[in-house]
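Participant: Sharing a structure with you now.
The values are calculated or read from the model by the stated rules, or taken from the named source; none is laboratory data. Please read these numbers as outputs of a predicted model, since none were measured by experiment. Neighbour counts are summed over all protein chains in view; Cβ atoms, including those assigned to glycine, are modelled from backbone coordinates with ideal geometry. Note: areas computed on protein heavy atoms with side chains; ligands, DNA, RNA excluded. Shrake-Rupley method; radii C 1.70, N 1.55, O 1.52, S 1.80 Å.
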Amino acid sequence: MAIQTIQWIHSGVKIIDQRELPRKLQYIICRDLKTLWWAIRTLAVRGAPALGIAAGFGVLLGIKDFKGKDSQKFLAHLKKVCAYIGSSRPTAVNLFHVLERMQNAAETHAGQSVAGLKTVLKKEALAVFEEDRAVCRRMGDLGAGLIRSGQQIMTVCNAGALATADYGTALGVMYSAKRQGKKFKVMACETRPLLQGARLTAWELTKEKIPTTLICDNMAATVMKQGKIQGIFTGADRIAANGDTANKIGTYNLAVLAKHHGIPFYVVAPSSTFDLKIQTGRQIPIEERKKEEVTTMAGIPIAPDGVTVYNPAFDVTDHSLITAIITERGIIRPPLGRNIKKAFKFV
Ligand code: MRU
């Protein structure tokens, strides 16, 4: 894939500034943690797996200027850095898993010098990045078997290369299917309010020469009724132990519609998107974002001043609406609760 969403280069984090797409493909280099925190908060970098990678690289930015030689003080500093990164966005669990992973790596090597601990952390952050590349390709190749030539499939938000290191989860399945020679089409929902479907998914798929049709979110029911959709593939931000899945707002709508129209609804997500500490989707923290995202479009006001706004960025799809979850561990089918446990070897 030609899209390199996030990379660690010369002690900085190079990211595609997704706020600028599709108008221009522009990179920013975050050389300090505050800049990266802000890039995460404002969605310059976004998508659950990419947020995990950003969290790992963010730790490297947060520790690089630590000057002391006391490893205990370093570990205390690391804890603060992780808490700060964790305050950027609440829903995608990948970010929190990586922060925990970084702290565990450092604590396992607590006897080492500060320089040694910095090396351990760098290795860990780069491993998170490399694992994402491998895992997305594995999920893509597994999920591609669910797409047949002649089909048109639907997706929402952006679960592509731009949401991961460079390949994607839901879109990764499409890239693998294309590589296998399958001829299919994609319908992308625009994904109000921030239009990740229109701005990012349509851009990415077009760039990869996959025939793509863009629709407004409120057209989904009609195209399903018209028999134009044979499968829905989405990403995920957090999956509870029973399979309830948080993803971009509007995903739940599609799952309900899919059930009504007898269309398979697939979630594509790596193990790092599962939160097995929580039993159901009711425990997933849902990010609420500022009202201007709803009251404006491309900076232009589209609603009266002072109107009350509700802007949850994610919704939760009940496990009963999900046909299967495609992970790098295999394709998990219902009953999801039991089979998730099996996939993670808890039974
Ligand atoms: O608010 P965003 O753009 O970060 O939301 C992203 C999504 O909801 C994606 O679908 C999800 O993170 C899966 S990405 C592979």
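Participant: Taking H placed 1.01 Å from N in the peptide plane, check which residues at least 5 places from Q279 or on another chain put their amide H under 5 Å from its amide H.
Facilitator: Correct list: A241.
Participant: Per the 1.4 Å probe, what fraction of the accessible area of the chain, in percent, lies on carbon and sulfur atoms? Spell out each step's value before the answer.
Facilitator: Numbers: 8300 of 15030 Å².
Carbon-and-sulfur percentage of accessible area, whole number: 55.
Participant: Taking the highest mean first, how do the peptides 294-305, 174-185 order by number of other beta carbon atoms within 10 angstrom per residue? The partial results should precede the final answer.
Facilitator: Values: 294-305: 10.7, 174-185: 17.8.
The packing order, highest mean first, is 174-185, 294-305.
Participant: Let me ask another. Please work out the C-alpha center-to-center distance from the stretch 187-203 to the stretch 130-170 and express it in whole Å.
Facilitator: Centre-to-centre (Cα) distance: 16 Å.
Participant: Between the stretch 36-85 and the stretch 268-337, how many Å separate their Cα centres?
Facilitator: Cα centres, the stretch 36-85 to the stretch 268-337: 24 Å.
Participant: Short version: ³J(HN,Hα) in whole Hz for each residue of the stretch 145-154, in order, from phi by Karplus 6.51 cos²θ - 1.76 cosθ + 1.60 (θ = phi - 60°), x for Gly and Pro, what are they?
Facilitator: For the stretch 145-154, the Karplus-derived couplings read x, 8, 9, 10, 4, x, 7, 10, 10, 10 Hz, x marking Gly and Pro.
Participant: Using +1 on the beta carbon of Lys and Arg, -1 on that of Asp and Glu, and nothing else charged, what's the dipole of the chain about the Cα centre, debye to 20? Let's see the in-between values first.
Facilitator: On the way: 48 positive and 28 negative charges, 127 e Å.
Dipole of the chain, to the nearest 20 debye: 620 debye.
Participant: Would you mind checking which residues have amide H under 5 Å from L214's amide H? H placed 1.01 Å from N; only 5 or more apart, or other chain.
Facilitator: Residues meeting the criterion, in which the H sits 1.01 Å from N, are A188.
Participant: Also, quick follow-up: Taking a probe of 1.4 Å, how large is the accessible area per residue of the stretch 226-347, in Å²? Don't skip to the end; give the middle numbers.
Facilitator: Values: 5860 Å² over 122 residues.
For the stretch 226-347, the solvent-accessible area averages 48 Å² per residue.
Participant: Say the dipole of the chain comes from +1 at the beta carbon of Lys and Arg and -1 at that of Asp and Glu; which of L78, Q18, G116 then lies farthest toward its positive end?
Facilitator: Of the candidates, G116 comes out farthest on the positive side.
Participant: Enumerate by residue number the chymotrypsin sites (Phe, Trp or Tyr not before Pro) in the stretch 258-342 meeting two conditions: DSSP loop (anything except H, G, I, E, B), and at most 12 other Cβ atoms within 10 Å of the site's Cβ.
Facilitator: Details: sites: F265, Y266, F274, Y310, F314; in loops: Y310.
Taking the stretch 258-342 and a limit of 12 other Cβ atoms within 10 Å, the loop chymotrypsin sites (Phe, Trp or Tyr not before Pro) found are Y310.
Participant: Inverting the mean 1/r over all pairs of different Cα atoms, compute the Kirkwood radius of the stretch 147-241 and quote it in Å. Don't skip to the end; give the middle numbers.
Facilitator: Details: mean 1/r = 0.0753 Å⁻¹.
In the stretch 147-241 this quantity evaluates to 13.3 Å.
Participant: If you don't mind, there's one more thing I want to ask. Can you give me the angle between helix 93-108 and the longest principal axis of the chain, using Cα atoms only, in degrees from 0 to 90, rounded to the nearest 10?
Facilitator: 20
Participant: Cα extents of the chain along the three principal axes, largest first, in whole Å?
Facilitator: For the chain, the Cα spread along each principal axis is 67, 54, 38 Å.
Participant: Pairs of alpha-carbon atoms within less than 8 angstrom and 6+ residues apart define the contacts here; what relative contact order does the chain have, in percent?
Facilitator: Across the chain, relative contact order equals 16 percent.
Participant: Give me a comma-separated list of calculated 3J(HN,Hα) values for the stretch 311-325, in order, Karplus coefficients 6.51, -1.76, 1.60 applied at θ = phi - 60°, integers in Hz, x for any Gly or Pro.
Facilitator: With coefficients 6.51, -1.76 and 1.60, one gets 9, x, 7, 9, 10, 10, 8, 5, 4, 5, 9, 9, 6, 6, 10 Hz.
Participant: Excluding ligands, DNA and RNA, what is the solvent-accessible area per residue of the stretch 6-137 at a probe of 1.4 Å, expressed in Å²?
Facilitator: Numbers: 5860 Å² over 132 residues.
Here the residues of the stretch 6-137 average 44 Å² of exposed surface.
Participant: Something else now. Where the only charges are on Cβ atoms (+1 Lys, Arg; -1 Asp, Glu), what is the dipole of the stretch 1-125 about its Cα centre, to the nearest 20 debye? Kindly include the intermediate steps, with their values, before the conclusion.
Facilitator: Details: 19 positive and 8 negative charges, 53 e Å.
Computed charge dipole of the stretch 1-125: roughly 260 debye.
Participant: Rounded, prolate or oblate for the stretch 6-137? Axes are the square roots of the Cα gyration tensor eigenvalues, ordered a ≥ b ≥ c, and the cut-off for rounded is a/c under 1.5.
Facilitator: On the way: a/c = 1.89, a/b = 1.69, b/c = 1.12.
Prolate is the answer for the stretch 6-137, as a/c is 1.5 or above and a/b outweighs b/c.
Participant: Taking Cα pairs under 8 Å and at least six residues apart, what relative contact order does the stretch 145-343 come out at, in percent? All intermediate terms of the calculation are to be shown ahead of the outcome.
Facilitator: On the way: 392 pairs, mean separation 40.3, N = 199.
Relative contact order of the stretch 145-343: 20 percent.
Participant: Moving on. So how long is each side of the stretch 145-343 along the principal axes, counting just the alpha-carbon atoms, biggest first, in Å?
Facilitator: In descending order, the Cα extents are 51, 40, 35 Å.
Participant: Please list the non-local residues whose amide H lies under 5 Å from the amide H of T317, H modeled 1.01 Å from N, same-chain partners needing a gap of 5 or more.
Facilitator: T245, A246, N247
Participant: For the stretch 1-154, what is the relative contact order in percent, using Cα pairs closer than 8 Å and at least 6 residues apart in sequence?
Facilitator: Once divided by the residue count of the stretch 1-154, the mean separation gives 21 percent.
Participant: Per-residue HN-Hα couplings for the stretch 265-280, Karplus 6.51 cos²θ - 1.76 cosθ + 1.60 at θ = phi - 60°, whole Hz, x for Gly and Pro?
Facilitator: So the J values, rounded to whole Hz, are 10, 10, 10, 10, 7, x, 3, 5, 9, 7, 10, 7, 7, 10, 7, 9.
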